[in-house]
Amino acid sequence: MRSKQNKISRQHFDELLRSGRSLHSPHVKLVYILNASDVTHNKYSFIISKKVAKKAVQRNKLKRRGYYIISKNKAYIKAQSVLFLFFKKGALDITFKELEDEITDLLRKAKLLK
């Protein structure tokens, strides 16, 4: 379970949508801000629409996988980062390892990993 300090506030949510940078992979879209103002801990959130996964069970499964991947790499993510990860159609059909590779590749391309 993620702590409250890692949740994205409404202020950061709006800021991310306005001025965040984005990167794409086949199944995941990363929107991020590096060195965000007023952030002491990294903040992250996963967004999965009903178009991607109809059932809540499937959406929660993707979120759990995503949070596990981020928590596994938490020590390597640069400080004061705010991240949104959007899952695209087909994300349910790939293996955990493929999803992990896509997310870590996006973090690497965004230069968010130390």
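A compact table of results
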item: Filter result (of a type in the set (A, V, I, L, M) and surrounded by 14 or more Cβ atoms within 10 Å (Cβ to Cβ)) within segment 51-80; result: VAL52, ALA53, LEU62, ILE69, ILE70, ILE77
item: First in segment 1-25 and farther than 26 Å from ILE94 by Cβ and in a helix (DSSP H, G or I), second anywhere and among the acidic types (Asp, Glu) and at pLDDT below 80, Cβ under 8 Å, 6 or more apart; result: GLN11/ASP38
item: Identity of the residue in segment 72-97, part of a helix (DSSP H, G or I) and without any contact (Cβ under 8 Å) to a residue 40 or more places away in the chain, that ends up nearest to PHE13 (Cα to Cα); result: LYS74
item: Residue selected from segment 33-71 under the condition in a helix (DSSP H, G or I) and of a type in the set (Val, Ile, Thr), by the criterion farthest from ILE103 (Cα to Cα); result: VAL57
item: Meets criteria (within 19 Å of LYS114 (Cα to Cα), at pLDDT 85 or above, surrounded by 15 or more Cβ atoms within 10 Å (Cβ to Cβ) and in contact with a strand residue (DSSP E or B) (Cβ under 9 Å, 6 or more places away or on another chain)) for LEU83; result: yes
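The values are calculated or read from the model by the stated rules, or taken from the named source; none is laboratory data. Everything numeric in this text was worked out from a predicted model, so none of it was measured. Backbone-built Cβ (ideal geometry, glycine too); neighbour counts: all protein chains shown.
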